[in-house]
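Asker: Before I ask anything, here is the structure I am working with.
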């Protein structure tokens, strides 16, 4: 499957694969590195580059440049003390996955002359493993435990930029913003908690640019998916334990009820159709509360979850929605009505769609949205499928024919201080145009 992100190499336009691999298959790494060096030098000296960088790299360079980071700045130094590193390790969801991550990547790292890095959700390196000779080289480049590799600190790099765009990414040689990192190639994939989609960290293979291989990113991404699968198994085991605890209680009830875990995932139901997940408040408390889909409910605490008893009342219509795009990896939509407020975490695609609708309150057809997202009006079926999933969770918030926010709603958008950093992982033509038009401004809301 291909996206519509394009890049140019030696005058040839090459379609990007779903994984953002830096090296085209069959390319000479040294030749490509020399081209990238010329692109980097021309871009930051005001000249005309011989080729365009990949969109994901060009967008990152622009974000970093606007932060005022000097391309000649040194690589990041350790920022965490040993005690802080230990504390973060002990509380990281990735701690229990270390044996699997090591068995999947350390031998590959050793054979390729790379190091394996495991970071927290902010890009701070918590674990580092690999050949001692490569680790010594990494010491001089800041690839050490405790170092911060956020894009806002280290510029464009495999770890920080992958976390910003929230997808697997390979950054090769002079695609790095800092010149001191040009000897490196980095292949990184974020890892998410399957319960709520939040970032919990990332895994990365980094080494000399001359040893880069297009398949490295695929391996790193497969390992990240395996990590998420193991986290999902842990979650299913928790739901099963909760189901066993709740079974005697539900057997005594004659009214509708369901048992959910602390993230709202359903473990068991009684006298009602099952609901896969219920959106709970950020800090739920016992008592009466309004919830999406269920309406008014009575919440009662259980060990590891909640008992919900729906009360048959007509839910009040929504009055205000807030699309929060402040944090690139955590877009969300908050809906307020007289009955209460709830927040839904969004996928990247749904965040794109809702932002486009917020900018076009009169509405957009499926063909128009297809052109906005893909530059291709014929991809209406894809848009309709996404909008169907979105509307299924948002009730009367989003309407169809054309797709639009309910005209009775007050719609607000929260975004980064500089709109140039808006939805940084998006390659949608309309989003890229809006980023350029709004650069230097706050989003209207």
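Asker: Confirm whether residue 102 is surrounded by fewer than 15 Cβ atoms within 10 Å (Cβ to Cβ) and farther than 20 Å from residue 198 by Cβ.
Answerer: Here the answer is no, as residue 102 does not meet what is asked.
Asker: Sticking with this structure for a sec: Name every residue in the stretch 195-218 that is at pLDDT 90 or above and surrounded by fewer than 24 Cβ atoms within 10 Å (Cβ to Cβ), in order of residue number.
Answerer: 199, 200, 218
Asker: Let me ask another. Taking the condition of being part of a loop (DSSP other than H, G, I, E, B) and either in contact (Cβ under 8 Å) with a residue 40 or more places away in the chain or closer than 14 Å to residue 243 by Cα (or both), how many residues in the stretch 262-275 meet it?
Answerer: So the answer is 4.
Asker: Kindly provide the set of residues from the stretch 272-287 that are surrounded by 12 or more Cβ atoms within 10 Å (Cβ to Cβ) and more than 29 Å from the chain's Cα centre (by Cα), ordered by number.
Answerer: Result: 272, single match.
Asker: Let me ask something additional. Kindly indicate whether any position in the stretch 297-310 is farther than 21 Å from residue 345 by Cβ and at pLDDT below 80.
Answerer: no
Asker: Just to check your reading of the model, which residue among 369, 373 is surrounded by 21 or more Cβ atoms within 10 Å (Cβ to Cβ), farther than 28 Å from residue 293 by Cα and modelled with pLDDT of 85 or more?
Answerer: 373
Asker: Kindly indicate whether residue 321 is part of a strand (DSSP E or B) and surrounded by 19 or more Cβ atoms within 10 Å (Cβ to Cβ).
Answerer: Taking the combined requirement at face value, the residue satisfies it.
Asker: Something else now. Taking the stated definitions as given, is residue 391 touching a strand residue (DSSP E or B) at 6+ places or on another chain (Cβ under 6 Å) and part of a helix (DSSP H, G or I)?
Answerer: Here the answer is yes, as residue 391 does meet what is asked.
Asker: Same structure, new question: Against the condition free of Cβ contacts under 8 Å to residues at least 40 places away in the same chain, assigned by TED's automatic domain parsing to the domain that holds residue 156 and within 22 Å of the chain's Cα centre (by Cα), how does residue 58 come out, does it pass?
Answerer: Yes, satisfied.
Asker: Something else about it: For the stretch 102-181, give me every one of the helices (runs of 4 or more DSSP H) that falls completely inside it and has 3 or more residues that are within 30 Å of residue 349 (Cβ to Cβ).
Answerer: Result: 151-154, 158-165.
Asker: Going through 263, 221 one at a time, which residue ends up being surrounded by 14 or more Cβ atoms within 10 Å (Cβ to Cβ), out of contact with any strand residue (DSSP E or B) (no Cβ under 7 Å at 6 or more places or on another chain), closer than 19 Å to residue 329 by Cβ and not assigned by TED's automatic domain parsing to the domain that holds residue 342?
Answerer: 263
Asker: Could you list, in sequence order, all residues of the stretch 223-248 that are in contact (Cβ under 8 Å) with a residue 40 or more places away in the chain and either farther than 21 Å from residue 262 by Cβ or out of contact with any helix residue (DSSP H, G or I) (no Cβ under 8 Å at 6 or more places or on another chain) (or both)?
Answerer: If the condition is that a residue be in contact (Cβ under 8 Å) with a residue 40 or more places away in the chain and either farther than 21 Å from residue 262 by Cβ or out of contact with any helix residue (DSSP H, G or I) (no Cβ under 8 Å at 6 or more places or on another chain) (or both), then 223, 224, 226, 227, 235, 238, 241, 242, 245, 246 are the ones that fit.
Asker: Exactly one condition in (1) in a strand (DSSP E or B); (2) crowded, with 16+ Cβ neighbours inside 10 Å is not met by residue 355; state its number.
Answerer: (1)
Asker: Moving on. Evaluate the following for residue 35: is it assigned to a helix (DSSP H, G or I) and surrounded by fewer than 18 Cβ atoms within 10 Å (Cβ to Cβ)?
Answerer: no
Asker: Next up: Residues to consider are 197, 146, 160; find the one that is at positive phi and touching a helix residue (DSSP H, G or I) at 6+ places or on another chain (Cβ under 7 Å).
Answerer: Within the list 197, 146, 160, the selection yields 146.
Asker: So, one more: Looking only at the stretch 66-96, filter to residues that are over 24 Å from residue 138 (Cα atoms) and touching a residue at least 24 places away in the same chain (Cβ under 8 Å); which one of those is surrounded by the most Cβ atoms within 10 Å (Cβ to Cβ)?
Answerer: Result: 93.
The values are calculated or read from the model by the stated rules, or taken from the named source; none is laboratory data. Predicted model, so just to flag it, every value in this text is computed and none were measured. Because the Cβ atoms are built from the backbone with ideal geometry, glycine has one as well, and the counts that use them run over all protein chains shown.
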